Amino acid sequence: MRILAIETSCDETGVAVVDDGRRIVSNIVASQLAHQDTGGIVPEVAAREHLRALDGITQHALQEAGVELRAVDAVAATVGPGLVGCLLVGANYGRGLALAAGLPFIGVNHLEGHVYANWLYEGDTPTPEPEIPAVVLIVSGAHSDLVLMEGHRRFRPLGRTIDDAAGEAFDKVARLLGLGFPGGPAIEQVAVGARERQHARPDALESGALRSYPLLNKLWRRELLVSENVVYRRIRLASDFVPREGPIRFRTPDLHLSQKMCGFGLKS
């Protein structure tokens with residue numbers, strides 16, 4: 001089965017052609033630069049950028065896959081969660097395309113899509129499929145969740161961030177430090193080579209009590225405002241905000257599962 005998949009949940013326009021639910025035949029992504037002036041994503045602006053880019057990217061994805069629309073078996077698009085205006089652009093475009101071509105339309109849950117990205121592969125050699133049940137860490141925009149995948153499309157929540165997810169925290173700290181947007185790459189660039197690492201940082205995520213980043217943001221903000229050496233503070237705080245290198249560890253003592261997966265959907 002060949003699916004034309006559309007993703008417009010936030011500030012990136014993505015269209016892919018996928019065979020049999022796993023093999024990526026083509027994958028075209030356009031990142032939006034219009035939000036750099038505001039230091040964060042403006043939903044209305046993001047929706048208009050999707051509208052401008054989507055048709056051209058869809059044609060590009062079909063051309064790269066070497067297929068025409070009539071060779072596709074179904075059209076899929078993200079229907080939530082995400083920015084409402086952005087979702088409407090992609091979902092309505094996908095529905096219209098499916099209707100015009102006489103194809104079925106499939107609405108996809110954004111966060112489930114991140115989980116099932118672990119099943120995708122490129123090239124001619126399939127990768128081993130993940131084993132189920134599994135513990136999954138989902139980090140995407142406003143959502144940072146630790147869930148137990150008990151079966152296909154069956155998830156049990158184990159924990160989540162109290163307020164900001166990682167992506168929002170990176171963007172807010174970067175804006176506070178005057179580092180620009182998107183926050184992840186900007187903070188990482190400043191942090192490279194920095195040797196001062198004086199603040200304690202979380203190295204693990206505990207189920208049921210994931211760390212809330214807004215509290216840390218407030219502490220950093222107060223420290224920055226009273227500092228006379230802003231440049232030094234920027235380097236040190238950015239360095240402290242970048243996670244330690246090494247594997248991500250899950251604390252799930254009662255589950256005894258060997259399969260652990262991640263689903264990431266943020267620029268940082």
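Where a number appears in this text, it was derived from the coordinates with a stated rule and is not lab data. Fair warning: this is a prediction, and the values are worked out from it, not measured in the lab. Please note: Cβ atoms are built from the backbone with ideal geometry, for glycine as well, and neighbour counts cover all protein chains shown.
When you count, for each residue, the other Cβ atoms within 10 Å and take the mean per peptide, how do 100-107, 40-47 rank with the highest first? Present the calculation step by step, with values, prior to reporting the outcome.
Numbers: 100-107: 12.9, 40-47: 17.0.
Taking the mean over residues of other Cβ atoms within 10 Å, the ranking is 40-47, 100-107.
Provide the packing ranking of 122-129, 155-162, 64-71, 180-187, i.e. peptides ordered by the mean count of other C-beta atoms within 10 Å per residue, highest first.
Numbers: 122-129: 9.1, 155-162: 16.0, 64-71: 13.5, 180-187: 21.5.
Output ranking for 122-129, 155-162, 64-71, 180-187: 180-187, 155-162, 64-71, 122-129.
Can you work out the Karplus-derived ³J(HN,Hα) for every residue in region 22-35? Use 6.51 cos²θ - 1.76 cosθ + 1.60 with θ = phi - 60°, whole Hz, and x for glycine or proline.
9, 7, 7, 8, 8, 8, 10, 10, 10, 8, 8, 9, 5, 8
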